[in-house]
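Have a look at the structure below, then the notes.
All of the numbers you see were taken from the coordinates with simple rules; none came from a lab. What you see is a predicted model, and the numbers here were worked out from it, not measured in a lab. Note that we place each Cβ from the backbone using ideal geometry, even for glycine, and neighbour counts take in every protein chain shown.
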């Protein structure tokens, strides 16, 4: 029996989930739920039902795991608790500073469901690396650099500002900081010393761009702590140069064991941020399904999920092929 997947939201992440599920033969997409008019969603030759999001509550017996593909700024804080009360869920909520608060909101309602939170690459895979590096070589410091690439969450946060039509935000690591860590040093780096943020924005007609720029550069948790540049451009230029979604980044740890210097590094270079993030979410949907079957309910993060639970392979195969 295949794991029955529901998708909430059909933007870039939702489309990525469709692609990822096709590469996982133990899963199938049973329905897409949208706030838009369902008839406006074009799935080509696919026969997957597209339903209004209000119909989700009627499908609890038809969906094993609901994958939440909305934005972290406003969608997931509301949709996460709403769906986790009824379904096993996976999301890629990415507001690091508000993560404890969000986990608590899910924990309060996921009493008979399994809700895996922040299952992307950061939070997600990078979180795992930070934990692994710190646990294995405790005398040291972790460093996370994002980019160079387009951040979906930060771009979405800009688009939520009144008067913005399109937005793309690129995160750029500062090479001097990366080189310092790789050399074995342990510099004390604040956020703006590690990365800068470059925004490209298309506005609606007759809006005050100064107010929009101020709203961006002062936005807490997203831009206020970084050197942020805002570029206002034409729609034509945006569609020509800023619709692709590459991203990546790295986690490093500069540490020591005795008198020896140890540098650990994990990096990603992604041609499509949403497709990769969707692939991670789909893998963790498998884990949510397995954990729910075992009665392991509540709010979970990637730090709580055994690696074997995200794999299609059984334990014996994993030991033989990967150990």
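Of note:
- Sorted peptide list for 135-142, 276-283, 70-77, criterion being average Cβ within 10 angstrom, highest first: 276-283, 70-77, 135-142
- For segment 235-280, the equivalent ellipsoid built from the Cα gyration tensor has semi-axes of 37, 13, 5 Å, listed from largest to smallest.
- Pairwise label distance in nanometres, residue 175 with residue 322, each label 7 Å out on the Cα-Cβ vector: 3.6 nm
- Ordered by the count of other Cβ atoms within 10 Å of each Cβ, fewest first, 99, 27, 66 give 99, 27, 66.
- Chain lengthening between residue 191 and residue 112 when straightened (0.36 nm per residue, less Cα-Cα): 24.6 nm
- Pairwise FRET efficiency - residue 313 versus residue 206, Cβ, R0 = 56 Å, nearest 0.05: 0.45
- Cα→Cβ-extended label distance, 7 Å offset, between residue 132 and residue 2, nm: 3.1 nm
- Mean residue ellipticity (222 nm) of the chain, computed from DSSP H runs ≥ 4 via -39,500 (n - 2.57), nearest 500: -9500 deg cm²/dmol
- For segment 194-285, projected area of the alpha-carbon convex hull averaged over all directions, nm²: 9.5 nm²
- Residue list for segment 206-238, given a label point 7 angstrom along the Cα-to-Cβ vector of residue 160 and an amide N cut-off under 17 Å: 212-225
- Nitroxide proxy distance, nm - points 7 Å out along Cα→Cβ at residue 265 and residue 241: 3.0 nm
- Calculated FRET value between residue 99 and residue 214, using beta carbons and R₀ = 22 Å, to 0.05: 0.25
- The Rg/Rh ratio of the chain, with Rg taken over Cα atoms and Rh as the Kirkwood radius over Cα pairs, comes to 0.98.
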